[in-house]
1. Checking the condition exposed (fewer than 13 other Cβ atoms within 10 Å of the Cβ) and under 28 Å from Phe49 (Cβ atoms), which residue from Gln152, Gln186 passes?
2. Within region 59-85, take every residue that is of a type in the set (Ser, Thr, Tyr) and touching a strand residue (DSSP E or B) at 6+ places or on another chain (Cβ under 6 Å) and give me the one that is most open to solvent (accessible area, probe 1.4 Å).
3. Could you please give the count of residues in region 86-98 that are open to solvent by less than 20 Å² (accessible area, probe 1.4 Å) and either at pLDDT below 85 or more than 14 Å from the chain's Cα centre (by Cα) (or both)?
4. Is it true that some residue in region 105-116 is surrounded by fewer than 14 Cβ atoms within 10 Å (Cβ to Cβ), modelled with pLDDT under 80 and aromatic (Phe, Trp, Tyr)?
5. For region 166-173, indicate whether the set of residues that are among the polar types (S, T, N, Q), open to solvent by 20 Å² or more (accessible area, probe 1.4 Å), at pLDDT 90 or above and over 26 Å from Glu61 (Cβ atoms) is non-empty.
6. Does Asp170 fit the bill of being free of Cβ contacts under 8 Å to residues at least 12 places away in the same chain, farther than 18 Å from Glu29 by Cβ, among the charged types (D, E, K, R) and in contact with a Lys or Arg (Cβ under 6 Å, 6 or more places away or on another chain)?
7. Under 6 Å between Cβ atoms, at least 6 apart or on separate chains: pull out the pairs that start in region 75-86 with a residue that is within 9 Å of Asn102 (Cα to Cα) and end on any residue that is open to solvent by less than 80 Å² (accessible area, probe 1.4 Å) and small (Gly, Ala, Ser).
8. Asn101: under 21 Å from Ala183 (Cβ atoms), surrounded by 15 or more Cβ atoms within 10 Å (Cβ to Cβ) and either of a type in the set (Lys, Arg) or at pLDDT below 90 (or both), yes or no?
Amino acid sequence: MMKLFFLIFISLAFMGCKNKKEKVISSYEKVVVDENLVHNDTIQLLSKFPELRLFRKEKLESKTRTAYIVQNSGLLNFGTSFNNYKCKATKAEDTINISLNNYDGYMGNGIMVKVFDGTFRILDYDPKTLKGEIKFIRAVPRFEFLKLNQTQYQKCDSIFGFVNYSCVVDGGVSKSIRGYFKARIQ
C-alpha cells in the first residue's frame, strides 16, 4: 500500500514539473480586410503631422507621419512604453513586408509583418544588431491581429492598416504592439 502511494506521489510530481507550453502560432494568420480603414480618424490624423526624425542625419522617406504605434514592454514589475514608430512597406515578388520600427541609427525595436496571399506572419526585430544589419529575435506570439484596407497590392500602392500583437521574447520580456500605420509600397 505504501509503495502504491509512493508511485502515485512520484508520478504526480513528474506531471507537475512538466513544461507548460503556451499556444505557439506557427502558421500564417488570416488578414482582416476593412476598405473603410482609409477613413479612420487615427489614419487621417497621421497626415496632419510631420514624420518623426529619430536621428539627426536621417533621410526622411515621407513628409507626413507613417505610424502611430504604441509598444508596451515589461519584465516582472518593470515596464516601459514607446510610441516613436515608423512604417516602411516593400514588395518582394508576391510578399509585402511591412516594417514597423523605431530604428535610430544604432538600434531598433519593432516588428516585420510579412503579408502573403491574404495571410500574414509577424517577426520581431532583434535590438542587438549592428548598423545596417537586420536580424530577428525568437519570440512566442500570444496574439496576432492584422487589418488592412485590401489584400492585393502592387508597387507604389498605398497601404493602410491596424496591428495588434502580443508576444514573449527571449528572456521572458512581454511585448505588446498596437496601432495604425500607412505607407506607400516601394
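The values are calculated or read from the model by the stated rules, or taken from the named source; none is laboratory data. As the structure is a computational prediction, the values presented were derived from the model and not from experiment. With ideal geometry, Cβ positions are generated from the backbone for all residues, glycine too; neighbour counts draw on all protein chains shown. Quick note on the areas: whole protein, heavy atoms, side chains included, nothing else; ligands and nucleic acids left out. Shrake-Rupley method; radii C 1.70, N 1.55, O 1.52, S 1.80 Å.
1. Sole residue among the options that is exposed (fewer than 13 other Cβ atoms within 10 Å of the Cβ) and under 28 Å from Phe49 (Cβ atoms): Gln186.
2. Only one residue fits best here, namely Tyr68.
3. 1
4. Yes, because at least one residue in region 105-116 is surrounded by fewer than 14 Cβ atoms within 10 Å (Cβ to Cβ), modelled with pLDDT under 80 and aromatic (Phe, Trp, Tyr).
5. Yes, the conditions are met somewhere in region 166-173.
6. It is false that Asp170 is free of Cβ contacts under 8 Å to residues at least 12 places away in the same chain, farther than 18 Å from Glu29 by Cβ, among the charged types (D, E, K, R) and in contact with a Lys or Arg (Cβ under 6 Å, 6 or more places away or on another chain).
7. So the pair list comes out as Tyr85/Ala67; Lys86/Ala67.
8. The answer is yes for Asn101.
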